[in-house]
Structures are given as structure tokens and as C-alpha cells.
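The structure appears right after this line, and notes come after that.
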Amino acid sequence: MSVLVVVECAEGEVKKSSLEVASYGAQVAAQLGTTATAIAVGGATEANLASLGEQGITKVLYDAEPRLKEFSNNAYTKLIATAAEQEQATIIVLANSNIGAAVGSRLSVRLKASLATNVVELPKTDGGQFVVKRGAFSGKAFSNVVLSGDRKIIAVKKNSTEARHEAGKIAEVVSFSAQLSDADFADAPTKVVMQEQAGGVLLPEAELVVSGGRGMKGPENWGLIEDLAKALGAATACSKPVSDVDWRPHHEHVGQTGITVSPNLYIACGISGAIQHLAGVNSSKVIVVINKDPEAPFFKAADYGIVGDVFEVLPKLTAAVKELN
Ligand code: FAD
């Protein structure tokens, strides 16, 4: 029995969201009295993978096949399934990310494993049952799900658990090959285009996001959003109607029909907080809402609320951040 953690990497480094997943997997392993092994996808340096020891991982499997740097559903599924078989993993932990969602369901079929997505807590294992808590209805409700069978897959929602960190602990990095063939990469992308944000911060991975809605009144006022984002080193985002009328490009639209963000800080400026918008932002760690209507629904989801006019509040906030820098 062992725990296998799927660790996503990009640009030579383990993604921050995967540090949380690694820590989650290590804690599940400790609960079950076993160890956690990681399988890396996306390409990272050996030193970076070894530092997963700080999250409690004991061993990292790494397949040096260069085509694994880009996402391929077939190849990633085969890689992880082969690692799970080799390690006799009974629990597989991955991120509730786009990659996790695509691969998790395939792994579930391939390994005949039960699967729970959007998991927000460590499992409860009392009474012989394996129970996980998962978010539902865009975070409006939770359900406790009993996972059965010999193999279980858990997709962990970002920012739902604390990543533990034991400085200086090193994991063993072990070379691994899933014997992937050309056919396994038949679905690989021919070209990957990343939409860069102003300031070079990519929205899906951003730790800080400043977002504007229809309350910003028009594209000519977006300088206020950009100034605050620049002062914070944040990415910029918007609500759907804003991108629908071309005030902002579509790749900045967050929500149910746009991008999902999970930053440490999401600042919503002149956004009402419709459920479709919240669906894309409600796993942010801290939400700050600026809205002149004290009854705006977004205040219910906010950690901090400022009832005020964005045109007065934003310049003051930006000036205060600049003073701190
Ligand atoms: P509004 O609802 O018009 O709100 C503007 C807010 O600004 C108000 O709360 C107002 O009080 C405030 N305001 C106005 N002036 C000021 C000021 N000077 N200072 C401070 N505050 C001010 N929406 C998304 O965002 N993302 C999605 O992915 C998405 N998907 C959808 C999918 C479907 C199927 C449907 C039906 C809708 C979807 N929507 C989505 C639209 C969603 O329902 C809302 O209509 C939208 O989020 C509202 O955008 P908004 O908050 O910018 O605008």
C-alpha cells in the first residue's frame, strides 16, 4: 500500500498548487502509516523535484521523455497509471486542475479506481470507511463521499489545505520510464500559446489578481485596475460582460464560462458577484470586494469589503500599496 502524488511542473519548476497537493498526499500517507511517492509531469529540474521532500514526499519518479513537457492526455494517463502499478499505489492524489480533471477520470477507468474531485479536506478513515469532503454547486455546498474499492483517486481543490514545509528535507529522485511510444502522444498539442498578462503574470497561475466589472463603466478607466495590479505585481481579470463588449480581451474573463483562478488575493472592483462569476474565483484564499452597493451579493463571499466608489477607492488603494513597496 502506498500513496502516489501527481506533481505538475512548468518552466522547470514544481507548480505552487502541486506543493499543496504533495503535502496533502504526504499527510494521507502518514494517516495510513505508509509513504508518499510523487510522479512528475511537465518537466522540472532534479533539484526542484528533490525539494518535494520539504512537503513530506520520500521519492519522486521522473520520466525524462522530452515530449512530456507539454500536456498529452494519453501520455500523462499512461505515465501515471504505469507508476501507480509499479508502486502498487492504493491512493492517487492530484490537483483539481485542468490537467487533474482530464487525467483523473481516465485514470479512474483505467485503474478501476473510485474518484472524488474538488476535495477540500484530508480524508476521514475511522470505522473502516474512507470518507472525503468535496465542494459542490460552485462551493455553495459540501458533500461527504465514501470512496470504495482497492484504489482511490483524490483531486484536491486549490487553497483548501495548508502546504506543510520542512526546510532542507530532500526526496530521492528516481529515473522512471513508462515506455511511451509515438502513439501515446497522438493527442499532443502541435503548438502551445500562453496568453501573457500585462506585467508577465499568467492569470491561471497568478497569486494576486485585480479584477474589474461593469462598475468600471468603460475601457478608458482600466488604467485604475492596471495601476493597482502593477503596484501589487498582480494579474488583471474581468467579468464576462466586460469581455463580451470588448472592454477587455476574452482570456481575462473569469467565471463559470471563463478561467478559474485560485490566487492568494482576489480584488473585485465593481463586480456584482453573480454565481457564474463566483464559480471561477471562490477558491481564492482572500477575496476583497469594492462595490458602491452595500447589498451587492459579492460581499457575502468577501473576506474584506469596501463599500465605496471604485473611482475614489482604487487610486487611494494604489497609492497606499506604492507607499508600502
Ligand atoms: P453587473 O452585474 O452590472 O454589476 C456591476 C456592479 O458594479 C454592481 O454590483 C454595481 O453596484 C457596481 N458598481 C457600479 N458602479 C460602481 C462604482 N462606481 N463603484 C463601485 N461599484 C460600482 N459572468 C462572469 O463574470 N463570468 C462568467 O463566467 C459568467 N458565465 C455566465 C454563464 C451563464 C450561462 C450566464 C447566464 C451568465 C454568466 N455570467 C458570467 C454573467 C453573470 O450572470 C453576471 O451577469 C455578470 O457576472 C455580471 O457582471 P458584473 O458584475 O461586471 O456586472
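Data overview
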| item | result |
| --- | --- |
| Residues that are modelled with pLDDT under 95 and either near the ligand (Cβ under 6 Å from one of its atoms) or not assigned by TED's automatic domain parsing to the domain that holds A234 (or both), drawn from the range 277-287 | G280 |
| Residue that is modelled with the lowest pLDDT [pool: residues in the range 87-106 that are surrounded by fewer than 23 Cβ atoms within 10 Å (Cβ to Cβ) and not in a strand (DSSP E or B)] | N98 |
| Residue within the range 41-58 that is surrounded by fewer than 20 Cβ atoms within 10 Å (Cβ to Cβ), assigned by TED's automatic domain parsing to the domain that holds D150, outside any helix (DSSP H, G or I) and touching a residue at least 60 places away in the same chain (Cβ under 8 Å) present | yes |
| Count of residues meeting criterion [more than 7 Å from the ligand (Cβ to nearest atom), free of Cβ contacts under 8 Å to residues at least 60 places away in the same chain and either under 18 Å from I306 (Cβ atoms) or in a loop (DSSP other than H, G, I, E, B) (or both)] in the range 238-268 | 12 |
| Given (1) at pLDDT 95 or above; (2) within 11 Å of the ligand (Cβ to nearest atom); (3) polar (S, T, N, Q), index of the condition T318 fails | (2) |
| Failed criterion for G273 (all others in (1) within 9 Å of the ligand (Cβ to nearest atom); (2) of a type outside the set (D, E); (3) in contact (Cβ under 8 Å) with a residue 40 or more places away in the chain hold) | (3) |
| Which listed residue, of K300, K322, is under 23 Å from E207 (Cβ atoms) and among the charged types (D, E, K, R) | K322 |
| Qualifying residue in the range 66-73 (condition: of a type outside the set (S, T, Y), modelled with pLDDT of 95 or more and surrounded by 17 or more Cβ atoms within 10 Å (Cβ to Cβ)) | no |
| Top-ranked residue in the range 204-237 [being under 20 Å from D309 (Cβ atoms) and not in a helix (DSSP H, G or I); ranked as nearest to the ligand (Cβ to nearest atom)] | G213 |
| Subset of the range 293-310 that is of a type in the set (A, V, I, L, M) and near the ligand (Cβ under 8 Å from one of its atoms) - its residue that is surrounded by the fewest Cβ atoms within 10 Å (Cβ to Cβ) | A296 |
| Failed item, numbered, when I290 is tested on (1) in a helix (DSSP H, G or I); (2) within 8 Å of the ligand (Cβ to nearest atom); (3) surrounded by 20 or more Cβ atoms within 10 Å (Cβ to Cβ) | (1) |
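The values are calculated or read from the model by the stated rules, or taken from the named source; none is laboratory data. Since we're looking at a predicted model, the values are computed, not measured. So basically every Cβ, Gly included, is an ideal-geometry build from the backbone, and we count neighbours across all protein chains shown.
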